[in-house]
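See structure below.
Taken together, the values in this text are just the output of simple stated rules run on the coordinates, not laboratory data. Predicted model only: the values in this text are computed from it and were never measured. Counting neighbours? That spans all protein chains shown, and the Cβs are built from the backbone with ideal geometry, glycine included.
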Amino acid sequence: MDEDEKREQSAAARVGVDYAIKLSYVAVDKSDLPNKRDIIYSLVCFGCMFDEIYATEPDSIVKKYDCLNYPEPKKADLYELAYTVASLECDSEAQRRELKKSWYLTFAYVLLSEAPHSPEIFAAMQKLLCREDVFKDVLESRFSVYVPPTKEELAAQGTPDVLAEWYSPYLDYCAERDENGVTRETRECKRLLALGDFNNALMRSERLLAAFPDDFQIAITDIAARVSLSGAANKQSRETLLKDTLSLIDDYIDIAEGQYFRYYRGLTLLGLMDTVGARAEFESCLAAEPNFELAALMLKGMDKYEK
């Protein structure tokens, strides 16, 4: 990853921090905490570690508690702040889950800060947030793509031990495979595909494929997202995307099991207006697997169109 890509990723990841802070403003405002002004001020200070806009253009809740005027509120320790906010009760179960999910991801920035490490609060945060229900919500979050996909990548990036310890149970959760050998994170890519969220499906699958190039399930998910996106692209972008997709398919087609790579090769050729090549791929699918319905449907559609 070059420096421009790192800056772009960092800026995108910090959108998640902004989201967590704004969620926290609301949760603190509605809570029965006796020191709301101090906590909201502490959230402002945390935000200012990334952008002074938290103080120069304060949120309406910051203004409500007059957090930026004399007398100056008491600033909480970052670890204490994170635990206080993440453990708040909310008006609804959905809000509570959203807050916990956001603080699981945001706590990484606390761990990377210069705040003195507190083993006791770290352990309390693990007990509060390192749980399967929270991990499920984290995995489905659009911000989870900024968590490195493997422990090996964490190590390669020089991640501090405390952050690696924080992420490790979540990465184990994501890597768990079902009875078909498909990891949770790959299943999340497939879920996004089914929902028609092709951009996010591609972003996730590209990230996973770089880490697990030999995983055919990830590869076919990546290819499916690419082919799906090509339909909405302009002519030049579509051609480039499909040619890149064809090259990716050809890396796998001779070693992959089943007919899906050949089926997507047919779809890709069809997108490139190579109807002869596409027909040959769909026919090859059926020759190897006569009950492969997707290929049969494509041939039926081509026959109808060509009449």
Inset, instruction - Would you mind telling me which residue in 200, 69, 180 has the biggest mean-square fluctuation in a Gaussian network model of the chain, where springs connect alpha carbons within a distance under 10 angstrom? - result: 180
Legend entry - Sorted by Cβ neighbour density within 10 Å, fewest at the top, the residues 50, 143: 50, 143
Inset, instruction - Would you mind telling me which residue in 155, 82, 94 has the biggest mean-square fluctuation in a Gaussian network model of the chain, where springs connect alpha carbons within a distance under 10 angstrom? - result: 94
Inset, instruction - With no solvent and one equal point scatterer per Cα, compute the Debye intensity ratio I(q)/I(0) for the chain at 0.06, 0.10, 0.12, 0.14 Å⁻¹ and report its log10, rounded to two decimals. - result: -0.29, -0.68, -0.87, -1.05
Inset, instruction - Rank these for me by crowding, 38, 32, going from fewest to most other beta carbons within 10 Å. - result: 32, 38
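About its Cα centre, what dipole magnitude does the chain give when the only charges are +1 on Lys and Arg Cβ and -1 on Asp and Glu Cβ, stated in debye to the nearest 20? Before the final figure, lay out each step's value.
Numbers: 37 positive and 55 negative charges, 185 e Å.
Result for the chain is approximately 880 debye, rounded to the nearest 20.
Cross-link list 22/235; 190/243; 64/136: which exceed 30 angstrom alpha carbon to alpha carbon?
On the way: 22/235 41 Å; 190/243 23 Å; 64/136 34 Å.
Over 30 Å Cα-Cα: 22/235; 64/136.
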Legend entry - Per-residue Cβ neighbour rank within 10 angstrom, fewest leading, 60, 113: 60, 113
Legend entry - Of 297, 272, 68, the one that fluctuates the most in a GNM where the chain has Cα springs shorter than 10 Å: 297
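Okay, helix-only estimate at 222 nm for the chain: each DSSP H run of n ≥ 4 adds -39500 (n - 2.57), divide by all residues, round to 500 deg cm²/dmol; what do you get?
On the way: 17 runs with 219 residues, N = 307.
Computed mean residue ellipticity for the chain: -22500 deg cm²/dmol.
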